[in-house]
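Asker: Before I ask anything, let me first share the structure, which is written out below as structure tokens.
Read the figures in this text as sums done on the coordinates, not as results from a lab. Given the structure is predicted, the values throughout are model-derived calculations rather than measurements. So basically every Cβ, Gly included, is an ideal-geometry build from the backbone, and we count neighbours across all protein chains shown.
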Amino acid sequence: MASKSIEQFVEEIGGLTVLELASLVKALEVKFGVSAAMPMAAAAPSSAPAAAAEEKTEFKVEIIDSGADKIKVIKALRTVVKDLSLTDAKKMAESAPTVIAESVKKADADKMKSELEAAGAKVKLS
């Protein structure tokens, strides 16, 4: 429990105006050689190193180049992308670079990449 003198001091501070409080803070800083500013290191703990350590879980699969044998790439596209028509697969293969899937899990993205590269396409995961 705080002593009566401290309680009385707190009451007196409570009655001061904002300008008077600012002057009090300045006087205390000068008298004791300290700063009332919060140190930057303690202001906001950084979570950047923790974020950098997290592994990416969702990927975007992009065909960079269809290669020389587009027919194989079209067939591979139809196997890795469900419900893709022959026309759409042909358009994707011919319009490279193009994104074929977004927000894909790592295992699925790696599987898509390996199948498309086996067919002769150049694929990028990002």
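Asker: So who's got an amide H within less than 5 Å of the one on Ile100, skipping anything under 5 residues away but keeping other chains? H placed 1.01 Å off N, in plane.
Answerer: Amide H to amide H, under 5 Å and 5 or more residues apart or across chains, Ile100 pairs with Val61, Glu62, Ile63.
Asker: If packing is taken as the mean number of other Cβ atoms within 10 Å per residue, what is the order of 22-29, 91-98, highest first?
Answerer: Ranking the peptides 22-29, 91-98 by packing returns 91-98, 22-29.
Asker: Next up: Over the range 56-125, with a single point scatterer placed on each C-alpha, what log10 of the ratio I(q)/I(0) does the Debye formula yield at q = 0.18, 0.28 1/Å?
Answerer: At q = 0.18, 0.28 Å⁻¹ the computed log10 ratios are -0.56, -1.34.
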